[in-house]
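To start, the structure itself, in structure tokens.
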Amino acid sequence: MLFSALVHRREGQAPVTVAQIAVPEGTTETTQVKALLDGLDIDGAVVTMDAAHTCASTARHLVKDKNADYLMAVKGNREALYAACGRGATGLVWGGQALHVVTETGHGRISTWTTWSTDLTTGDEVGLPYAARLAVIRRDVTDLAG
């Protein structure tokens with residue numbers, strides 16, 4: 001299995017692979033983040049990743065060792081982290097003003113994405129070192145057929 005790092009491009013341009021490693025037998029991509037980024041100069045970059053790589057060690061490596069920022073998705077695969085973020089987000093969703101709402105109609109449904117966010121003091125509130133902001137994106141879907 002191969003594990004890759006991509007540079008996102010402008011709309012209409014394909015992403016560019018900037019690093020790629022083979023994942024050693026008996027390990028997973030999650031254990032190979034440091035090896036993948038080792039030869040890359042990402043100083044000042046914002047690194048995005050899927051939820052599989054969302055963990056404190058990756059956050060710490062990006063900020064302390066690579067001088068980069070991060071945007072991590074939190075999902076149920078990290079139960080404690082998901083619960084901590086949920087506790088931090090409850091007041092946002094139930095009592096806060098939504099910062100951004102997008103509605104799209106297509107494929108027989110209406111989809112609405114609503115976004116709330118708030119500053120964090122240290123990141124310790126959610127268990128991710130150096131986290132500065134917590135955002136919640138909720139998607140509501142309505143079938144046009146009723």
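Since every read-out is calculated from the coordinates, none of them should be taken as a lab result. Remember, predicted model here, so these are calculated numbers, not experimental data. We place every Cβ from the backbone using ideal geometry, glycine too, and count neighbours over all the protein chains shown.
Summary of computed values
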read-out: Low-density loop cleavage sites - GluC sites (Glu not before Pro) in segment 8-103, where at most 16 other Cβ are within 10 Å (DSSP); value: GLU11, GLU25
read-out: Debye, to nearest 20: dipole size of the chain, +1 on Lys, Arg Cβ, -1 on Asp, Glu Cβ; value: 180 debye
read-out: Gaussian network model of the chain, Cα within-10 Å springs - most flexible of VAL33, VAL47, VAL102; value: VAL102
read-out: Net length gained if the chain between HIS100 and ASP143 were fully extended (0.36 nm per residue, minus Cα distance); value: 13.3 nm
read-out: Estimated translational D of segment 12-72 in µm²/s (Stokes, Kirkwood radius over Cα pairs; 4 °C; 1.567 mPa s); value: 104 µm²/s
read-out: Separation of the ALA35 and SER57 label points, Cα + 7 Å toward Cβ, nm; value: 1.3 nm
read-out: Label-point separation, SER117 to ASP69 (7 Å along Cα→Cβ), nm; value: 0.8 nm
read-out: Of THR142, LEU40, SER117, farthest towards positive along the dipole that unit charges on Lys, Arg, Asp, Glu beta carbons give the chain; value: THR142
read-out: Under the Debye formula (equal points on every Cα, no solvent term), log10 I(q)/I(0) of the chain at q = 0.09, 0.19 Å⁻¹; value: -0.37, -1.22
read-out: Cα Rg, Dmax, segment 79-146, angstrom units; value: 14.7, 46
